[in-house]
Amino acid sequence: FKPNPVYTDDARNLKLEGEVLLEVSFSANGILHVNRVVRGLGHGLDEAAVAAANKIRFRPALRSGAPIDSTAIVHVTFQLAY
């Protein structure tokens, strides 16, 4: 499950669109941790992307049938509907 991020008023007024890239650790026990913003957009969208990422629900990666920790780059897309 990957929720949609919330647009900030500032970004909406600027009609700002794009992607925020986050480095995320997925733990074997089901906990997600955002390590850092790899590429941001500013205007509050980086924080909105982190907030959305913290609500992601996932199944841990498996190795030989056992859950393991993993790291990935998560793309959070901001797109205005016209």
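Across segment 35-52, what is the total count of residues that are touching a residue at least 40 places away in the same chain (Cβ under 8 Å) and out of contact with any Phe, Trp or Tyr (no Cβ under 6 Å at 6 or more places or on another chain)?
Qualifying residue count for the region: 4.
Among the residues of segment 5-51, write down those that are assigned to a helix (DSSP H, G or I) and in contact with a strand residue (DSSP E or B) (Cβ under 6 Å, 6 or more places away or on another chain).
Leu45, Asp46, Ala49, Val50
Which members of segment 1-31 meet the condition of being modelled with pLDDT of 95 or more, within 10 Å of the chain's Cα centre (by Cα) and within 30 Å of Ala66 (Cβ to Cβ)?
Leu21, Leu22, Glu23, Val24
Considering only segment 4-22, state which residues are charged (D, E, K, R) and open to solvent by 100 Å² or more (accessible area, probe 1.4 Å).
Within segment 4-22, Asp9, Arg12, Lys15 meet the criteria.
Could you list, in sequence order, the residues of segment 46-74 that are within 11 Å of the chain's Cα centre (by Cα) and of a type outside the set (D, E, K, R)?
Those that are within 11 Å of the chain's Cα centre (by Cα) and of a type outside the set (D, E, K, R): Ala48, Ala49, Val50, Ala51, Ala52, Ala53, Asn54, Ile56, Ala72, Ile73, Val74.
Could you tell me which residue of segment 73-82 is farthest from Ser25 (Cα to Cα), considering only residues that are hydrophobic (A, V, I, L, M, F, W, C) and surrounded by 12 or more Cβ atoms within 10 Å (Cβ to Cβ)?
Filtering segment 73-82 for residues that are hydrophobic (A, V, I, L, M, F, W, C) and surrounded by 12 or more Cβ atoms within 10 Å (Cβ to Cβ), the one farthest from Ser25 (Cα to Cα) comes out as Phe78.
From the set of residues in segment 23-66 that are touching a helix residue (DSSP H, G or I) at 6+ places or on another chain (Cβ under 8 Å) and β-branched (Val, Ile, Thr), which is most open to solvent (accessible area, probe 1.4 Å)?
Val37
The values are calculated or read from the model by the stated rules, or taken from the named source; none is laboratory data. Not measured: the values here are computed from a predicted model. Note that we place each Cβ from the backbone using ideal geometry, even for glycine, and neighbour counts take in every protein chain shown. Surface accessibility is based on the protein's heavy atoms, side chains included, excluding ligands, DNA and RNA. Shrake-Rupley method; radii C 1.70, N 1.55, O 1.52, S 1.80 Å.
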